[in-house]
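One structure is given below, encoded as structure tokens.
Throughout, read-outs are computed from the coordinates displayed, never taken from laboratory work. Computed from a predicted model, the values in this text were never measured in an experiment. Counting neighbours? That spans all protein chains shown, and the Cβs are built from the backbone with ideal geometry, glycine included.
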Amino acid sequence: ALFHNARILGKNAACLLTISDSLVSKSATSAQERQTSFHQMMVLALESACALEEEDTRA
């Protein structure tokens, strides 16, 4: 729905998803582990999104 609405409105959209627990291996990540281990991933994702936005505005 996010990408469809963005396309209809002529806008850009992005989505970042993470997986913290596995139903297959039964492993689970604690709230503290999620907070600390996902931080770097979120920083990199946001930096990438900002870089793409800057690239789009220069084009």
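A few points about this structure:
- Inter-probe distance in nm under a simple model that places probes 7 Å from Cα toward Cβ, at Gln32 and Ala51: 3.3 nm
- Calculated Rg and Dmax of the Cα atoms in Å (choose from [x] 14.7, 40; [y] 11.3, 33; [z] 15.9, 46), label: [z]
- Helix 31-58 axis versus longest C-alpha principal axis of the chain: approximately 10°, rounded to the nearest ten.
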